[in-house]
Ligand SMILES: [Fe+2]
């Protein structure tokens with residue numbers, strides 16, 4: 001391979017459009033997109049016009065998210081939504097402490113599918129469109145046939161730690177593998193199947209705003225995650241043309257739709273497939289990105305510069321210009337060359353909350369890092385350093401790094417990257433997650449000379 005990319009074990013045969021932020025259009029049949037007129041009296045192939053908005057109509061052009069869809073049956077034709085599962089609204093997480101948390105591993109459930117997500121942490125409130133949630137998914141089964149999921153609570157950033165997700169959305173199909181990320185817009189229906197065994201990872205559900213590329217400032221016009229490396233699905237129609245190719249007819253099937261609203265799951269049925277969009281055009285679409293294509297900026301002479309240079313996607317906080325509701329970062333393989341500099345993160349207290357985890361990108365279950373490490377981050381785990389919780393290297397790491405030669409070397413080249421979700425507001429942790437966590441992993445539990 002002559003360009004930076006993950007050597008994925010599972011190959012992706014889907015086609016994609018390129019470029020995050022572009023106005024895209026795609027059609028499963030030639031001429032299926034309406035021309036010029038967005039809502040024609042009679043759309044092509046007997047299709048019906050439907051729109052999915054991500055922003056208010058009056059949002060500035062550069063942030064306006066709207067997509068027109070041309071589908072066989074309007075989504076409106078469904079039965080009444082009824083509470084799904086136990087019908088209860090899960091309690092909002094309330095656990096907050098000044099400790100750091102570490103999850104060496106998470107409890108897993110047998111026979112879990114995508115609907116079995118567990119709320120790990122949250123700030124704000126989905127009902128008032130403030131803040132975000134972090135869900136854990138640990139799935140061993142595909143979603144049942146003829147079942148689709150959506151979240152009315154926000155855009156979902158999917159961060160696989162292990163495994164491959166085959167995601168069929170209303171706008172087309174994406175294969176999302178370990179060391180890739182994907183974003184699914186608020187309200188979009190999708191179905192997740194597992195082409196390569198169990199999968200595990202996290203979903204950052206953004207109750208307000210949207211993920212976007214960070215501005216580059218003095219870096220210039222390229223670098224970090226370049227827009228053209230983001231992949232957008234092409235239209236896929238679950239059906240065929242009939243009547244001599246004049247009418248798009250969707251496959252006949254009763255579907256169950258499960259949706260999350262204010263944290264609560266609801267379900268309804270409809271008589272047709274939700275994947276009957278023959279064409280679409282607009283700016284509100286799902287996308288994915290290979291983290292190996294992140295163009296890292298470095299520490300080139302001295303000092304450890306701010307981790308903002310590792311931001312892949314950000315969601316700006318308009319209430320405080322320059323701040324972010326959440327930033328998604330990766331600490332990937334990179335060259336370390338700084339002179340007279342500690343090649344470890346300095347000890348710090350951050351106003352942002354740092355939820356982090358490792359991604360083993362070896363794509364190989366027998367890779368040593370998949371077997372866990374003696375201490376610190378283990379694959380499949382995560383950690384959280386909340387607002388003003390001091391963190392940094394262990395004494396042993398500090399001793400080693402303080403005496404190491406400053407010879408240029410490549411760090412993180414052992415098949416593991418770290419991801420971080422830096423959130424503006426303190427993250428409240430669910431009771432089950434608080435119980436599963438080891439507290440204060442960053443330092444000794446008690447000073448050796450303590451008399452208290
Ligand atoms: Fe930090």
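Bear in mind that the values in this text are calculations on the coordinates, not laboratory data. Given the structure is predicted, the values throughout are model-derived calculations rather than measurements. Every residue, glycine as well, gets a Cβ built from its backbone with ideal geometry; the counts of neighbours run over all protein chains shown.
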Taking the Cβ of each residue in 402, 221, 267 as the centre, tally the other Cβ atoms inside 10 Å and list the residues starting with the fewest.
-> 221, 402, 267
To the nearest Å, what is the center-to-center distance of segment 27-75 and segment 113-151, using C-alpha atoms only?
-> 27
How far apart, in nm, are two points set 7 Å out from the Cα along the Cα-to-Cβ line at residue 318 and at residue 242?
-> 4.6
For segment 1-142, the Cα convex hull volume per residue in Å³ comes to 276
Only helical DSSP H runs with n ≥ 4 go in: add -39500 (n - 2.57) per run for the chain, normalise by residue count and round the 222 nm mean residue ellipticity to 500 deg cm²/dmol.
-> -1000 deg cm²/dmol
Taking neighbour Cβ counts within 10 Å as the exposure measure, how do 68, 335 sort from fewest upward?
-> 335, 68
Equivalent-ellipsoid semi-axes of segment 174-253, from the Cα gyration tensor, Å, largest first = 33, 19, 14
Could you list the square roots of 5 times each eigenvalue of the Cα gyration tensor of segment 73-127, that is, the equivalent ellipsoid semi-axes, sorted largest first and rounded to whole Å?
-> 31, 17, 11
Taking a crude spin-label model, label points 7 Å out from Cα along the C-beta direction, the residue 252 to residue 96 distance in nm is 5.6
Antiparallel as a % of all DSSP beta bridges within the chain, to the nearest 5?
-> 95
Taking the chain and dividing mean pair separation by its residue count, relative contact order in percent (alpha carbons under 8 Å, at least six apart) = 22
How compact and how long is the chain, expressed as Rg and Dmax of its alpha-carbon atoms in Å?
-> 22.9, 87
Whole-Å distance, taken between Cα centres, linking segment 240-273 and segment 281-299 | 30
Extension gain residue 79-residue 303, at 0.36 nm per residue separation less the Cα-Cα distance, in nm?
-> 74.6 nm
Taking 42, 425 and counting other beta carbon atoms within 10 angstrom, the fewest-first order is 42, 425
For residue 141 and residue 13, compute 0.36 nm times the residue count separating them, minus their Cα-Cα distance, and round to one decimal in nm.
-> 43.9 nm
The ratio Rg/Rh over the Cα atoms of segment 41-107, Rh being the Kirkwood inverse mean 1/r radius, stands at 1.21
